[in-house]
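The values are calculated or read from the model by the stated rules, or taken from the named source; none is laboratory data. Source: prediction; values computed, not measured. Here the Cβ positions follow ideal geometry from the backbone for every residue, glycine too, while neighbour counts run over all protein chains shown. The area values use the complete protein model at the heavy-atom level, side chains included, leaving out ligands, DNA and RNA. Shrake-Rupley method; radii C 1.70, N 1.55, O 1.52, S 1.80 Å.
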Amino acid sequence: MSAQLRDRFVSVLRLVACSLVAMTAAGCGTGEQARQAEMAALRSQIDELKKSQVQVSNDLGRVSGELKALDAQAAFLVGETKASAQEREQLKAAIQQQDGTLRSLRSAVDETNQKVAALSVPPPAPAAKPAASTTKEIAAEKMYQTAMTSFRAEEHGQAVLEFTELIEKFPKHALAASAQYWIGEAYYRQRDYNQALAEFQKVTELYPQSPPMAEALLKIGMCYRALHDVPRAKETWEQVVKSYPKSEAATQARTLLSSLASPGSSSRPVR
């Protein structure tokens, strides 16, 4: 459209130039009536030129506005990409932390069993049944591993059912807090941010001294951001930094707090 207007503008200029030449020639050999006709034609062409200039100016203004909109959209997409990369790193770190907790629990159970075996007197019965506590540990760990397998396979609905069953059967178990955290994570991955927020808050209410506490607070802030409640998100991330300054969650919270102040930041999360 701008190229067409430019060609039209050039054409009008050529017509004006031709008219001026014609007027000069006419002035030498024609009378007053011919000069007036030429002047009228010239004024008409000048009016046409002014209209073309106005149209060009309007088109330039429109194109400038479209370029600004494209720049804003590009900045938004860059912010979305950064948020997506941060969330992937957060999920990876949380899985590694929970796996480490599980390994520590297994080591503690093995050590306890060894001490019991070394101090206890063999019973007269030919075979001894495993202790009830040991059986519960094994059952809870098996259920946790099964639920984590479902979660990693992105079978989030099934994972929620399995984690919930673990909590119901072993509410005081050390893995119960982690199971509750992953219930919230499963809803978050499904973009059900209201339900995810409620599940993460259960970690802070029921298991305030548990290992996933810092990660749960971090994700509570992310849920608030996804629900466009930026002030609460900021407040929650500041709580993570203050209460758990040396944790991985605190490092991520500082990054998210910094992103709130950047021009390209976004309140919409990306998986």
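If you check residue 211 against the conditions, is it touching a helix residue (DSSP H, G or I) at 6+ places or on another chain (Cβ under 9 Å), part of a loop (DSSP other than H, G, I, E, B) and either surrounded by fewer than 22 Cβ atoms within 10 Å (Cβ to Cβ) or not aliphatic (A, V, I, L, M) (or both)? Step through it out loud before you land on a result.
Numbers: touching a helix residue (DSSP H, G or I) at 6+ places or on another chain (Cβ under 9 Å): yes; part of a loop (DSSP other than H, G, I, E, B): yes; either surrounded by fewer than 22 Cβ atoms within 10 Å (Cβ to Cβ) or not aliphatic (A, V, I, L, M) (or both): yes.
So residue 211 passes the test.
Of the conditions (1) crowded, with 16+ Cβ neighbours inside 10 Å; (2) farther than 24 Å from residue 101 by Cβ; (3) modelled with pLDDT under 95, residue 260 satisfies every one except a single condition; which number is it?
(1)
In this structure, does residue 219 turn out to be basic (Lys, Arg), surrounded by 19 or more Cβ atoms within 10 Å (Cβ to Cβ) and assigned to a helix (DSSP H, G or I)?
Values: basic (Lys, Arg): yes; surrounded by 19 or more Cβ atoms within 10 Å (Cβ to Cβ): yes; assigned to a helix (DSSP H, G or I): yes.
Against the criterion (basic (Lys, Arg), surrounded by 19 or more Cβ atoms within 10 Å (Cβ to Cβ) and assigned to a helix (DSSP H, G or I)), residue 219 qualifies.
Give the residues of the range 38-92 that are within 30 Å of residue 256 (Cβ to Cβ), of a type in the set (S, T, N, Q), open to solvent by less than 80 Å² (accessible area, probe 1.4 Å) and modelled with pLDDT under 75, sorted by residue number.
Passing the criteria: only 84.
Tell me, please, whether a residue that is open to solvent by 40 Å² or more (accessible area, probe 1.4 Å), modelled with pLDDT of 95 or more, in a helix (DSSP H, G or I) and closer than 22 Å to residue 252 by Cβ can be found in the range 146-167.
yes
Could you tell me whether the range 150-161 includes any residue that is in contact (Cβ under 8 Å) with a residue 24 or more places away in the chain and among the aromatic types (Phe, Trp, Tyr)?
The answer is yes, given that some residue of the range 150-161 is in contact (Cβ under 8 Å) with a residue 24 or more places away in the chain and among the aromatic types (Phe, Trp, Tyr).
What are the residues in the range 224-246 that are more than 15 Å from residue 193 (Cα to Cα) and in a helix (DSSP H, G or I), if any?
Filtering the range 224-246 for residues more than 15 Å from residue 193 (Cα to Cα) gives 231, 234-246.
Within the range 224-246, 231, 234, 235, 236, 237, 238, 239, 240, 241, 242, 243 qualify.
Which residues, taken from the range 171-196, are open to solvent by 20 Å² or more (accessible area, probe 1.4 Å) and either modelled with pLDDT of 95 or more or in a helix (DSSP H, G or I) (or both)? Steps first, please.
Here is the first cut: in the range 171-196, the ones open to solvent by 20 Å² or more (accessible area, probe 1.4 Å) are 171-174, 187, 189-195.
187, 189, 190, 191, 192, 193, 194, 195 - these are the residues of the range 171-196 that are open to solvent by 20 Å² or more (accessible area, probe 1.4 Å) and either modelled with pLDDT of 95 or more or in a helix (DSSP H, G or I) (or both).
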